[in-house]
């Protein structure tokens with residue numbers, strides 16, 4: 001059973017460009033979570049999605065950031081018009097559809113560098 | 001406000017020197033406490049889930065325990081390969097599966 005997959009692993013964008021980060025959850029998982037982490041800082045929750053629905057986006061900036069999890073295909077975190085402050089590691093996690101199994105399994109992350 | 005606090009922020013041990021990491025929480029109705037390990041440049045790796053006070057789980061040199069207000073991660077006779085950041089997260093009552101995260105304890109084990 002493959003784990004959570006994220007691509008690309010490293011992404012370099014110039015200021016003003018768009019960044020698209022992809023996440024494929026583990027098999028049997030339809031709950032996806034996106035986190036952001038700066039060096040020496042903790043995980044910051046951004047958004048929680050279930051297939052075709054955004055459940056909680058309380059941690060996501062209102063402007064320039066969006067997330068989706070379509071019926072088919074990976075979840076996408078999209079950052080428009082990137083700025084230097086968006087440089088960070090972005091982690092995706094997924095959890096099981098089964099009741100009482102709430103632990104989240106993480107992917108390897110995408111490291112975004114904005115030049 | 002719901003909160004998860006981990007202490008100490010950083011801990012340096014000699015190989016074989018046992019110690020404990022603490023995770024205290026203030027949430028309305030705990031529905032699970034989770035421990036993770038994170039190595040530099042990698043995603044967090046799931047270790048344990050605890051659901052009720054008095055529960056204990058073990059894995060190799062690690063043992064996690066839970067009370068009504070806090071959890072401890074005990075590390076017995078640590079080795080250098082146990083060096084990592086250990087993260088704690090909690091899930092509160094309700095249908096939302098979102099977890100509330102602590103900032104972690106950075107553990108370094110010297111040979």
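Numbers for the structure displayed
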| read-out | value |
| --- | --- |
| Given (1) more than 12 Å from every other protein chain (Cβ to nearest Cβ); (2) free of Cβ contacts under 8 Å to residues at least 24 places away in the same chain; (3) surrounded by 13 or more Cβ atoms within 10 Å (Cβ to Cβ), index of the condition residue B:52 fails | (3) |
| Count - residues of the stretch A:34-65 that are loosely packed, with under 15 Cβ neighbours inside 10 Å and either in contact (Cβ under 8 Å) with a residue 40 or more places away in the chain or under 20 Å from residue A:8 (Cβ atoms) (or both) | 2 |
| All positions within the stretch A:99-111 that are free of Cβ contacts under 8 Å to residues at least 60 places away in the same chain and at negative phi | A:99, A:101, A:102, A:103 |
| Segments classed as strands (runs of 3 or more DSSP E), wholly inside the stretch A:49-109, with at least 2 members that are farther than 13 Å from residue A:19 by Cβ | A:53-56, A:88-96 |
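Listed here are the residues, each with its yes/no results for (1) modelled with pLDDT of 95 or more; (2) surrounded by fewer than 13 Cβ atoms within 10 Å (Cβ to Cβ); (3) in contact with a helix residue (DSSP H, G or I) (Cβ under 6 Å, 6 or more places away or on another chain).
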{"site": "B:31", "(1), (2), (3)": "no, no, no"}
{"site": "B:35", "(1), (2), (3)": "yes, no, no"}
{"site": "B:46", "(1), (2), (3)": "yes, no, no"}
{"site": "B:57", "(1), (2), (3)": "yes, no, no"}
{"site": "B:62", "(1), (2), (3)": "yes, no, no"}
{"site": "B:68", "(1), (2), (3)": "no, yes, no"}
{"site": "B:72", "(1), (2), (3)": "yes, no, no"}
{"site": "B:79", "(1), (2), (3)": "yes, no, no"}
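The values are calculated or read from the model by the stated rules, or taken from the named source; none is laboratory data. All of these numbers come straight from a predicted model, not from anything done at the bench. Here the Cβ is made from the backbone with ideal geometry for all residues, glycine too, and neighbour counts use every protein chain on show.
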